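Written out below as structure tokens is the structure these notes cover.
All of the numbers you see were taken from the coordinates with simple rules; none came from a lab. Keep in mind that what you see is a predicted model, and the values were worked out from it rather than measured. Here Cβ is always computed from backbone atoms with ideal geometry, including for glycine, and neighbour counts include all displayed protein chains.
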Ligand code: IFM
């Protein structure tokens, strides 16, 4: 038992996270196939300022330096994703040995530096060839995902033990196929609902494949989870909060824990769900070793009915600082969420696979970047993780989003989440004060440091 509440358990994993399309660049090198994000970002008007991931942080060429940087900070674990079209340029079939070789070298480099790899199989860069066949709304993609899983886990599984099947399937499905703000840019609710089922099915089908190929595998899935708070005690605001919670959180948590798809949400979609085939829900229930949680903020849910009609004025307001994404800083929400995941849903191992903040950086005349707002964000959230551990929630690790400033999807390079600044003209990396602080916290296994 840990008596000093601010010290983390001795095997707590301190990490940083990135994703392939956001950092690698080299979009058309060494036989890499086109991804939906290449197509989307090359389409005028889709990404702010016309930014693309063509070069990004050039990590494909600079990965050795990036490992050195992590090593210098004492980072113990690195979560990155594999670009599916680098391994299978057409999504299935012909393998690119050069693509596999890149990840082989990266993994070897990490292990030499004593950094434990955590690999995400899918962080949004679907091969365009599969999108051309119908993408995630089509069941055809599931077999392709299993084939890809099999290939990459056979290739890396002797050295990589920690695997995350999907990153934020809600975003892939609903932001990509309903809102159209992300690749592939569709605006069709039915497609989005089918996509989310096929994402979960791909997850469920791939878990046993990973176990077959990787001795002592530690397998999980990462969800973006946003707690919902009603803006007032009115019935309509409570209903709004319940609905958004169902849409973003329960629609993934419930099927993964045997509760099936939440009926209130299915009804509100008015979707027949006829793409769910016998046995699918059991497949999705494939036992996992941990849940990955990406937490950034809470949401204050307000019914669309105007306040006058509600006869309840708003009583809950944003109280924390607001990040550049317009997200409220609300560390307590992470604590509450972790309690729910363990005590209500029963998850027995949780990793915070992403947490961090975008704030504008100021580079001083010496080229240094002091980022107290980001530093405090990370520190306060880590303290909440520790509080959650102290009441019995099994949180086993924390990964800062992100190691590097990178391509923030529809916002291009305009939002900086890195604890390391990247000058996108020169590719120079500069440690921000948050990175130096994180390094100190790692050393003493304690977030309560200056
Ligand atoms: O940059 C993203 C990441 O790819 C997925 N989770 C949220 C981050 C910040 O928006």
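Remarks
- Residue list for the range 234-257, given a label point 7 angstrom along the Cα-to-Cβ vector of residue 187 and an amide N cut-off under 12 Å: none
- Considering only beta bridges that DSSP places wholly inside the chain, some 15 percent are antiparallel.
- Whether the range 191-350 is rounded, prolate or oblate, judged on the alpha carbon gyration tensor where a/c under 1.5 counts as rounded: oblate
- Adding -39500 (n - 2.57) for every DSSP H run of four residues or longer, then dividing by how many residues the chain holds, sets the calculated 222 nm ellipticity at -11000 deg cm²/dmol.
- For the range 305-375: rounded, prolate or oblate by the Cα gyration tensor [a/c cutoff 1.5]: oblate
- Estimated FRET transfer efficiency when R0 is 25 angstrom, pair residue 61-residue 114 (beta carbons, to 0.05): 0.60
- At an R0 of 60 angstrom, the distance between the Cβ atoms of residue 259 and residue 29 translates into a FRET efficiency of 0.85.
- Listed peptides 441-448, 198-205 by packing density, highest first (mean Cβ within 10 Å): 198-205, 441-448
- Averaging the Cα positions of each part gives two centres, and for the range 330-374 and the range 137-216 these lie 25 Å apart.
- Computed over the alpha carbons of the range 43-85, Rg followed by Dmax gives 14.2, 41 Å.
- Entry note, the chain: relative contact order of 18 percent, from Cα contacts under 8 Å with a spacing of 6+ residues.
- When only Cα pairs below 8 angstrom with a gap of at least 6 residues are kept, the range 312-450 shows a relative contact order of 24 percent.
- Shape call, the chain: gyration tensor on alpha carbons, a/c limit 1.5: rounded
- Distance (nanometres) between label positions extended 7 Å along Cα→Cβ at residue 304 and residue 158: 5.6 nm
- Dividing the mean sequence gap of close Cα pairs (under 8 Å, 6+ apart) by how many residues the range 235-352 holds gives a relative contact order of 31 percent.
- GNM top mover of 54, 132, 237 - the chain, alpha-carbon springs below 10 Å: 132
- If the segment from residue 212 to residue 11 were pulled out straight at 0.36 nm per residue, it would be longer than the present Cα-Cα gap by 69.7 nm.
- Ordering 238, 46, 436 by the number of other Cβ atoms within 10 Å of each residue's own Cβ, fewest first, gives 436, 238, 46.
- Site pair residue 366 and residue 326 shows an inter-label distance of 3.8 nm when each label is modelled 7 Å from Cα along Cα→Cβ.
- Residue of 349, 234, 196 that the Gaussian network model of the chain assigns the largest fluctuation, springs spanning Cα pairs under 10 Å: 234
- Label-to-label distance, nm, for residues given as residue 449 and residue 239 (7 Å Cα→Cβ offset): 5.1 nm
- Selected from 11, 405, 51 as most flexible by GNM, with the chain as the system and alpha-carbon contacts under 10 Å: 11
- Residue 42/residue 318 FRET efficiency (R0 41 Å; Cβ-Cβ; nearest 0.05): 0.70
- Taking 154, 32, 302, 79 and counting other C-beta atoms within 10 Å, the order from fewest to most: 154, 302, 32, 79
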